[in-house]
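The values are calculated or read from the model by the stated rules, or taken from the named source; none is laboratory data. No experiment lies behind these values; they were computed from the predicted model shown. Cβ atoms come from the backbone with ideal geometry, glycine included; neighbour counts cover every protein chain shown.
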Amino acid sequence: MSEAQNSLVCEGGCHCGTVRFQVLVDRFIVDDCNCSICRKKGFLHLIVSPENFTLIQGEEFLTNYTFNTKVAQHTFCSICGIHSFYRPRSHPDMVDVNVRCLDGDLLERFTIRSFDGQNWSDNVDQIRS
């Protein structure tokens, strides 16, 4: 995992603790998507490079869910059902971490911006840059 200036190494995981990960946070802006799945999951998106993400434990307990284009790989803990990270359709070579699954009270450190995922095709370029 690489280090960056003004960054923060955080740990997080699912509700039951079976899935644990570490992430290097080097940007403190997250997206709150209103698409059908993100709205129901309450996912706050922090997209990071794979080099800045380490799965510590629980890989064997991850279950994968895909729908529509099947590009996004929605992973969740098969024990408690929490979606703490996944491979997003917008950035299939990256990891999208749910900031709500980070340990501690870190949410206040992030700026939350709205993303209109209901109209994904019209707006995806806003999050690809």
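The single residue among 43, 53, 21, 61 that is touching a strand residue (DSSP E or B) at 6+ places or on another chain (Cβ under 9 Å) and within 21 Å of residue 115 (Cα to Cα) turns out to be 43.
Close Cβ contacts (under 6 Å, 6 or more residues apart or on different chains) running from residues in region 109-126 that are closer than 19 Å to residue 71 by Cβ and assigned to a strand (DSSP E or B) to residues that are at pLDDT 90 or above and not polar (S, T, N, Q) comprise 115/31; 115/33. I want to confirm something. Restricting to region 33-60 and keeping residues that are in a strand (DSSP E or B) and of a type in the set (Val, Ile, Thr), which single residue is farthest from the chain's Cα centre (by Cα)? Result: 56. Listed residues 23, 30; which is outside any loop (DSSP other than H, G, I, E, B) and farther than 24 Å from residue 123 by Cβ? Result: 23 is the single residue among 23, 30 that is outside any loop (DSSP other than H, G, I, E, B) and farther than 24 Å from residue 123 by Cβ. When 37, 29 are checked against the criterion of being surrounded by fewer than 12 Cβ atoms within 10 Å (Cβ to Cβ) and over 14 Å from residue 101 (Cα atoms), a single residue qualifies: 29.
Just one of the listed residues (69, 18, 63) is touching a Gly at 6+ places or on another chain (Cβ under 8 Å) and either surrounded by fewer than 13 Cβ atoms within 10 Å (Cβ to Cβ) or outside any strand (DSSP E or B) (or both), and it is 18. So which residues in region 114-129 are basic (Lys, Arg) and in contact with a helix residue (DSSP H, G or I) (Cβ under 9 Å, 6 or more places away or on another chain)? Once the filter is applied, which keeps residues that are basic (Lys, Arg) and in contact with a helix residue (DSSP H, G or I) (Cβ under 9 Å, 6 or more places away or on another chain), region 114-129 yields nothing. For first residues located in region 63-76 and over 12 Å from residue 37 (Cβ atoms), partners that are among the aromatic types (Phe, Trp, Tyr) and lie 6+ apart or on another chain with Cβ distances below 6 Å form the pairs 63/76; 73/86; 75/86.
Restricting to region 95-123, name every residue that is crowded, with 18+ Cβ neighbours inside 10 Å and within 14 Å of the chain's Cα centre (by Cα). Within region 95-123, 95, 96, 97, 98, 99, 101, 102 qualify.
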